[in-house]
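Asks: Dropping the structure in here first, questions after.
The values are calculated or read from the model by the stated rules, or taken from the named source; none is laboratory data. Here the structure is a predicted model, which is why all the values come from computation and not from measurement. Here the Cβ positions follow ideal geometry from the backbone for every residue, glycine too, while neighbour counts run over all protein chains shown.
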Amino acid sequence: ITNKVTVAPPTGSPPGICLNDDGSNACVATASLSTGAYLSITKTLPTSAPGPFYAGDQISYLLNVANEGSLDIATVTLKEALPTTYLSDGKWSCSVPADSFATCPTVSSGTIDANGNFTGIETGFPLKGQSNLLFTVTGKVGAVNSVTPNVRNTASISAASNSARCWICQRCQVLPSY
């Protein structure tokens with residue numbers, strides 16, 4: 001989107017009032033605004049349960065999937081690579097923050113399969129511009145030994161549209177203490 005503004009000097013103004021030193025017209029300004037879809041993801045542990053976690057503990061964290069752009073995205077795909085040796089029984093649920101225009105997918109909860117797919121929304125879900133969805137992920141901490149004090153798991157997002165760009169934190173990691 002391009003917006004061009006032209007200002008006419010008042011009648012009786014001295015000649016050349018709208019000229020810059022280089023001779024260009026100083027009474028015209030142009031501003032451009034990029035439109036598009038900008039997809040981001042962040043992963044956070046709740047402050048009420050920052051860890052450490054031990055074998056058998058339930059863990060819960062949030063994935064905030066946002067479209068910071070002005071255009072809707074028809075198909076967003078979300079994956080969560082759970083390290084199955086350390087985290088099992090992965091489940092997910094969707095919620096809409098109070099200030100968001102988004103709606104959760106028709107299937108709004110399920111499990112996370114061995115490939116990191118969110119069951120029920122493997123083929124993606126729509127996300128309106130300037131909105132976000134919260135996905136709560138839960139799982140059970142498995143056997144962790146002292147050699148592996150931190151376990152990394154990675155969430156990722158993608159969009160099926162060439163007009164969508166992924167940014168901010170395309171692949172985020174949360175490193176809870178086990």
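Asks: Only one of ALA81, ALA98 is of a type in the set (A, V, I, L, M, F, W, C), within 20 Å of PHE125 (Cβ to Cβ) and at pLDDT 90 or above. Can you tell me which?
Replies: Values: ALA81 fails: at pLDDT 90 or above.
ALA98 is the lone residue from the list that is of a type in the set (A, V, I, L, M, F, W, C), within 20 Å of PHE125 (Cβ to Cβ) and at pLDDT 90 or above.
Asks: For the stretch 42-61, what are the residues that are surrounded by 19 or more Cβ atoms within 10 Å (Cβ to Cβ) and part of a loop (DSSP other than H, G, I, E, B)?
Replies: If the condition is that a residue be surrounded by 19 or more Cβ atoms within 10 Å (Cβ to Cβ) and part of a loop (DSSP other than H, G, I, E, B), then PHE53 is the only one that fits.
Asks: Condition (residue is modelled with pLDDT of 65 or more, under 22 Å from LEU82 (Cβ atoms) and exposed (fewer than 14 other Cβ atoms within 10 Å of the Cβ)) applied to the stretch 153-170: is it met by at least one residue?
Replies: No.
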